[in-house]
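Scroll down for the structure; my scribbles are underneath it.
The values are calculated or read from the model by the stated rules, or taken from the named source; none is laboratory data. Computed from a prediction, not measured in an experiment: that's the story for all the values here. Because the Cβ atoms are built from the backbone with ideal geometry, glycine has one as well, and the counts that use them run over all protein chains shown. Keep in mind that these areas ignore ligands, DNA and RNA; they rest on the heavy atoms of the full protein, side chains included. Shrake-Rupley method; radii C 1.70, N 1.55, O 1.52, S 1.80 Å.
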Amino acid sequence: TWFLTMVLQDFAPLCQRSGEEELAQELLAQGEKYLAAAQAAWDGNWYRRGYYDDGTPLGSRESDQCQIDSIAQSFSVLPQRADRERADRAVSAALTRLFDRERGVVRLFAPSFDMEGSQDPGYIKSYPPGVRENGGQYTHAACWAVAALHQLGQDGRAWELASALLPIRHAATRQLALRYRVEPY
């Protein structure tokens, strides 16, 4: 929803330049509806990732698994007119919970799904806990966190996170290289 809002906001001016004013206004109006829906997913300190078919929140402080998700928090910063104060809180909460400075890993979400959980999030539960999409590092999501920090004017934190992701940092010694060579890093 955050991403679609941003795309609609960015695409509308292109429509205007092409003489498609009515379409531009439709896109902006739809973007406002999506923005309101995304912001309604506020969970107190961060945004929910989504909802299961039965309406149960995913990425909620009340969840046993996947309480906080990196992508939802990072994208909350990017659309125009997003609540910057909440976005700042959400990104900070995500990085506090998901950035393992010692290992230079930014997890996609935490805690991971396991076989004991009552909800079925789909294929991600098929990965072992902490691997790939099941709460491991998903590097494109970590890069969005860097972009979010930059948009929030926190370039020092953005650089710290970007530096941690660099493969050269994970292979600086033989021991580090042997650990980093395969997933889950």
Q) For the chain, with only Lys/Arg (+1) and Asp/Glu (-1) charged at the beta-carbon, what is the dipole magnitude about the Cα centre, in debye rounded to 20? A) 940
(Q) Rounded to the nearest 10 Å², what accessible area does residue 105 have for a 1.4 Å probe in the complete protein model? (A) 10
Q | Ellipticity estimate at 222 nm from DSSP helix runs (n ≥ 4, -39,500 (n - 2.57)) divided over the chain, nearest 500 | A | -15000 deg cm²/dmol
Q) What residues have an amide H closer than 5 Å to that of residue 58, excluding those fewer than 5 places away on the same chain, when H is modeled at 1.01 Å from N in the peptide plane? A) 49, 50, 51, 52
Q) What angle do you read, to the nearest 10 degrees and between 0 and 90, between the alpha-carbon axis of helix 139-151 and the longest principal axis of the chain? A) 60
Q. Say we join alpha carbon atoms closer than 10 Å with springs in a Gaussian network model of the chain; which of 123, 47, 34 then has the biggest fluctuation?
A. 123
Q: Based solely on C-alpha atoms, express the radius of gyration and the Dmax of the chain in angstrom.
A: 18.1, 60
Q.
Classify segment 94-185 from the C-alpha gyration tensor, please: rounded if a/c falls under 1.5, else prolate or oblate depending on whether a/b exceeds b/c.
A. oblate
Q | Helix 84-98 vs. the chain, principal-axis angle (Cα, 0 to 90°, nearest 10) | A | 20
Q: Compute the accessible area per residue over the chain, keeping the other protein chains in place, probe 1.4 Å, unit Å².
A: 55
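Please go through segment 73-145 and write out the GluC sites (Glu not before Pro) that DSSP classes as loop and that have at most 14 other C-beta atoms within 10 Å. Could you put the intermediate results ahead of the total?
Numbers: sites: 85, 102, 116, 133; in loops: 102, 116, 133.
Hits after loop and neighbour filter: 102, 116.
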Q. When the gyration tensor of segment 16-110 is built from Cα positions, what are the square roots of 5 times its three eigenvalues, in whole Å, from largest to smallest?
A. 30, 17, 11
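Using a 1.4 Å probe over the heavy atoms of the protein chains, calculate the carbon and sulfur portion of the accessible area of the chain as a whole percent.
Details: 5380 of 10260 Å².
Result for the chain: 52 percent of the exposed heavy-atom area is carbon or sulfur.
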Q: Run the 1.4 Å probe and let me know the accessible area of residue 3, rounded to the nearest 10 Å².
A: 110
